[in-house]
Amino acid sequence: MMEKQPYQSESAAGRGHPARSVVIQSRLLADGVCGSSRTNQSLLVRGDRIRAVGAREEILKTAPPDATVIDLGQACLVPGLIDSHTHLSLAGDGRKYAEMFSDSDEMMVLTGAMNMKKHLDAGITTIREHGARNRVGFTLKSGLARGYIPGPRMLVSGRPITCTGGHFHMCNEVADGEAEIRRSVRRLVHEGADYIKIMASGGGTEGTIPGVASYTVQELHAAAHEAHHFHRLTAAHCRAKESMRRAVEAGIDLMEHAEFMDPDDQVRFDPKIAEMMAESGIWISPTLQTWCNYPRVLELKRRRDSGAAAPSEERELDHLEERMEGRLEIMRRMLDHCLRERIVPGTDSGVFNIAFGHLDYDLQILHKVGFTPSECLASATRISAEAIGLQEEIGTIEPGKRADLVALDGDPNQDVTAFSRVVAVFQAGRRVWAGPNDASTP
Ligand SMILES: [Zn+2]
């Protein structure tokens with residue numbers, strides 16, 4: 001007999017059994033394919049896969065008699081969210097890189113375990129781990145695979161490839177020249193890298209210049225060519241305008257940041273480069289919350305609105321908002337050229353003060369630059385899945401896909417703030433978080 005589960009309770013029946021059946025129902029369902037939410041839908045999940053999606057009565061008719069029914073009430077069920085840019089080993093607690101990297105590898109693994117849980121509880125069921133020191137990224141993925149720690153499905157780069165003294169050289173994958181870069185790609189693939197991350201410009205690492213490219217086209221091409229040889233995708237960190245041009249020419253698959261920065265640290269939009277990006281079809285992850293220091297903007301706004309902001313904080317907020325508007329303008333101009341269907345949200349969580357658990361911030365900013373709520377949903381699910389090569393497995397709610405699902409309080413096709421109200425998370429058919437009252441969450 002089917003048993004109706006109360007809203008907040010975890011379904012204990014058949015937990016861990018590979019072929020158990022679960023019917024999940026909620027008032028709304030946004031499948032990530034069509035741009036509107038449907039009512040009165042249910043899902044049949046068997047094991048870790050979605051078996052059927054359809055009208056509630058039909059699904060209940062076809063479900064096996066021993067299926068558990070989970071009723072999510074008024075929530076809207078959407079595909080699990082995807083964050084294509086994270087740094088699990090960093091705490092995002094405002095410390096400088098030098099301080100963060102003075103932690104031991106063991107502490108970085110613990111930091112990563114904490115961060116994975118934060119992201120999962122925020123409905124982020126898949127991440128790319130964009131580079132950690134030594135074997136920390138690989139260890140976290142192994143720990144997840146063994147079931148030692150909970151976390152999103154993970155694709156790891158292992159260590160980012162960088163030039164001598166380059167951005168994130170502390171991770172210990174330094175390579176100069178085409179031969180060394182090819183060797184680095186081979187070493188990383190051998191160690192288990194799912195994709196290759198390369199630093200094509202300077203960044204926040206002391207001694208590097210964000211507006212200056214760090215590799216030639218030939219060097220970047222060597223990375224892309226060697227990675228593709230092993231059927232691995234590539235992502236390049238490109239803050240410098242020149243590095244953006246080179247990444248496109250070299251055949252890199254995904255461009256991070258895309259800041260259009262000149263060597264003098266000034267940001268100047270270049271329509272020619274935007275056109276090249278659009279023409280090449282390169283994926284773009286503009287890492288907007290980091291770009292705008294959005295967590296700090298929100299914190300200061302809260303303080304100002306409650307009358308608690310000191311004059312220095314008011315000034316800081318004015319400055320940040322002005323800078324943010326400048327960056328959003330660059331983004332809008334880029335969107336005049338680039339296809340929205342190639343843009344993915346990426347949090348860059350872990351760096352600076354960017355704490356884990358907030359892909360919703362990037363979606364709010366995409367909304368500010370002109371994405372509709374539906375486009376925000378698509379970018380965080382279906383389009384991100386394509387960008388990271390997992391479109392056959394995740395990204396939409398369709399039969400055959402993995403049952404990675406998030407329940408939101410609100411309709412994300414209408415209201416972008418719904419992404420901030422996660423009420424349940426399912427990964428591979430298992431309910432891994434049951435909302436803010438989940439007793440397993442500290
Ligand atoms: Zn990053």
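The values are calculated or read from the model by the stated rules, or taken from the named source; none is laboratory data. A quick note: this is a predicted structure, and the numbers were derived from the prediction, not measured. All Cβ positions, even for glycine, are placed from backbone atoms using ideal geometry, and neighbour counts span all protein chains on display. The accessibility values were calculated without ligands, DNA or RNA, using every heavy atom of the protein model including side chains. Shrake-Rupley method; radii C 1.70, N 1.55, O 1.52, S 1.80 Å.
Could you work out how much longer the chain between D48 and D305 gets when fully extended? Use 0.36 nm per residue separation minus the Cα distance between them, nm to one decimal. Walk me through the numbers on the way to the answer.
On the way: separation 257, 0.36 × 257 = 92.52 nm, distance 4.49 nm.
Taking D48 through D305 to full extension adds about 88.0 nm, to one decimal.
Could you tell me what a quarter of the Cα convex hull surface of segment 146-296 works out to, in nm² with one decimal place?
Working: hull surface 40.2 nm².
If you wrap the Cα atoms of segment 146-296 in a convex hull and average its projections, you get 10.0 nm².
Quick one: if the Förster radius is 30 Å, what FRET efficiency do L110 and T417 give, using the C-beta to C-beta distance and rounding to 0.05? If you can, show how the numbers build up before the last one.
Numbers: r = 32 Å, r/R0 = 1.08.
Once rounded, the FRET efficiency stands at 0.40.
Based on DSSP H runs of at least 4 residues, each adding -39500 (n - 2.57), what is the mean residue ellipticity at 222 nm of the chain after dividing by all its residues, to the nearest 500 deg cm²/dmol? Walk me through the numbers before you get to the answer.
Working: 14 runs with 150 residues, N = 442.
For the chain, the value works out to -10000 deg cm²/dmol.
Can you list the residues, at least 5 places off or on another chain, whose amide H is less than 5 Å from the amide H of H167, using H built in the peptide plane?
The answer is G203.
Of the residues A428, A310, A63, which exhibits the maximal mean-square fluctuation in a Gaussian network model of the chain defined by a 10 Å Cα contact cut-off?
With Cα springs under 10 Å in the chain, the top fluctuation among A428, A310, A63 is at A310.
What does the extension gain come out to for R340 and T62, with contour length at 0.36 nm per residue minus their alpha carbon separation? If you can, show how the numbers build up before the last one.
Details: separation 278, 0.36 × 278 = 100.08 nm, distance 3.84 nm.
Extra length available between R340 and T62 comes to 96.2 nm.
I'd like the distance separating the alpha-carbon centroids of segment 77-93 and segment 376-442, in whole Å.
12
Measuring from centroid to centroid over Cα atoms, what is the spacing of segment 223-242 and segment 25-41 in Å?
After rounding, the separation between the Cα centres reads 36 Å.
Specify the angular offset, from 0 to 90 degrees and rounded to the nearest 10, of the alpha carbon long axis of helix 217-229 from the longest principal axis of the alpha carbons in the chain.
The answer is roughly 30 degrees.
Ordered by residue, what ³J(HN,Hα) values in Hz, to whole numbers, does segment 375-388 give under the Karplus form 6.51 cos²θ - 1.76 cosθ + 1.60, where θ = phi - 60° and Gly and Pro are x?
For segment 375-388, the Karplus-derived couplings read 5, 4, 4, 4, 5, 7, 10, 4, 6, 4, 4, 5, 4, 9 Hz, x marking Gly and Pro.
Whole number please: convex hull volume per residue of the Cα set in segment 81-357, in Å³?
On the way: hull volume 35.4 nm³, N = 277.
With only Cα atoms used, segment 81-357 gives 128 Å³ per residue.
Considering the zone a paramagnetic label at Q266 would reach in this model (a point 7 Å from Cα along the Cα-to-Cβ line), which residues of segment 311-348 have amide N under 17 Å from it?
323, 326-327, 330
On C-alpha positions alone, give me the angle between the axis of helix 177-191 and the longest principal axis of the chain, in degrees, nearest 10.
20
Once you sort the root eigenvalues of the Cα gyration tensor of segment 275-327 as a ≥ b ≥ c, which label holds: rounded (a/c under 1.5), prolate (a/b larger than b/c) or oblate (the other case)? Don't skip to the end; give the middle numbers.
Details: a/c = 5.30, a/b = 3.18, b/c = 1.67.
Here segment 275-327 falls in the prolate category.
Gaussian network model of the chain, Cα springs within a sub-10 Å range: biggest mean-square fluctuation belongs to which of H130, H169, H85?
Result for the chain, Cα springs under 10 Å: H169 fluctuates most.
Once the dipole of the chain is set up with Lys and Arg at +1 and Asp and Glu at -1 on Cβ about the Cα centre, which of P345, Y195, L405 lies farthest towards its positive end?
Of P345, Y195, L405, it is L405.
For the chain, with all protein chains present and a 1.4 Å probe, just round the carbon and sulfur fraction of the accessible area to a whole percent. Provide the component values of the computation, followed by the final result.
Working: 8820 of 17300 Å².
C and S fraction of accessible area: 51 percent.
Picking from C34, S84, V22, whose Cα lies most toward the positive end of the charge dipole for segment 19-95 (charges on Cβ: Lys, Arg +1; Asp, Glu -1)?
Final value for the positive-end residue is V22.
Say R0 is 35 Å: what FRET efficiency, to the nearest 0.05, do K96 and R315 get from their beta-carbon distance? Display every interim value, and only then the final one.
Values: r = 23 Å, r/R0 = 0.65.
Using R0 = 35 Å, I get an efficiency of 0.95.
Taking the Cβ of S306 as the center, what net charge do the other residues with Cβ under 15 Å away carry, scoring Lys and Arg +1 and Asp and Glu -1?
Values: positive: K301, R302, R303, R304; negative: E299, D305, E313, E314.
Spelling it out: positives minus negatives among the neighbours equals 0.
Can you classify segment 370-409 as rounded, prolate or oblate using the Cα gyration tensor, where a ≥ b ≥ c are the square roots of its eigenvalues, rounded means a/c under 1.5, and otherwise it's prolate if a/b beats b/c and oblate if not? Don't skip to the end; give the middle numbers.
Numbers: a/c = 2.65, a/b = 1.30, b/c = 2.03.
In terms of gyration-tensor shape, oblate.
Which value, in debye to the nearest 20, gives the size of the charge dipole of the chain about its Cα centre, when Lys and Arg are +1 and Asp and Glu are -1 at the Cβ? Intermediate values should be presented prior to the final figure.
Numbers: 52 positive and 61 negative charges, 241 e Å.
The dipole magnitude comes to about 1160 debye.
Can you give me the distance in nm between label points at E279 and V217, each placed 7 Å from the Cα along the Cα-to-Cβ direction?
Taking the simple label geometry, E279 and V217 are separated by 1.2 nm.
Taking only protein heavy atoms and a 1.4 Å probe, what accessible area per residue, in Å², does segment 138-231 have with all protein chains in place? Don't skip to the end; give the middle numbers.
Values: 3830 Å² over 94 residues.
Per residue, segment 138-231 has an accessible area of 41 Å².
State, as an integer percentage, the relative contact order of the chain based on alpha-carbon contacts under 8 Å between residues 6 or more apart. Please list the in-between numbers first.
On the way: 1039 pairs, mean separation 88.9, N = 442.
RCO, the chain: 20 percent.
Give the Cα extents of segment 371-442 along the principal axes, in whole Å, largest first.
Principal axes ranked by extent give 35, 27, 20 Å for the Cα atoms.
What are the ³J(HN,Hα) values, in whole Hz, obtained from phi via the Karplus relation 6.51 cos²θ - 1.76 cosθ + 1.60 with θ = phi - 60°, for each residue of segment 51-64 in sequence order, with x given for Gly and Pro?
So the Karplus estimates, Gly and Pro as x, are 9, 7, 10, x, 4, 3, 5, 5, 5, 4, 5, 8, 5, x Hz.
With +1 on the Cβ of every Lys and Arg and -1 on the Cβ of every Asp and Glu, and nothing else charged, how large is the dipole of segment 396-440 about its Cα centre, in debye rounded to the nearest 20?
Numbers: 5 positive and 6 negative charges, 50 e Å.
Charge dipole of segment 396-440: 240 debye, to the nearest 20.
Taking the Cα atoms of segment 12-84, report the difference between the largest and smallest coordinate on each principal axis, in whole Å and largest first.
Extents along the principal axes, in whole Å: 33, 33, 19.
If you plug each phi of segment 129-146 into the Karplus form 6.51 cos²θ - 1.76 cosθ + 1.60 with θ = phi - 60°, what whole-Hz ³J(HN,Hα) values come out, in order, with x for Gly and Pro?
Using θ = phi - 60°, the values come out as 8, 8, x, 9, 7, 6, 9, 4, x, 5, 4, 4, 5, 5, x, 5, 5, 7 Hz.
Test of understanding: in a Gaussian network model of the chain with alpha carbons linked when under 10 Å, which of G123, G80, G177 would top the mean-square fluctuation ranking?
Of the options given, G177 has the highest mean-square fluctuation.
Give the angle, between 0 and 90 degrees and rounded to the nearest 10, that separates the Cα long axis of helix 311-337 from the longest principal axis of the Cα atoms of the chain.
Compared with the principal axis, the helix lies near 90 degrees.
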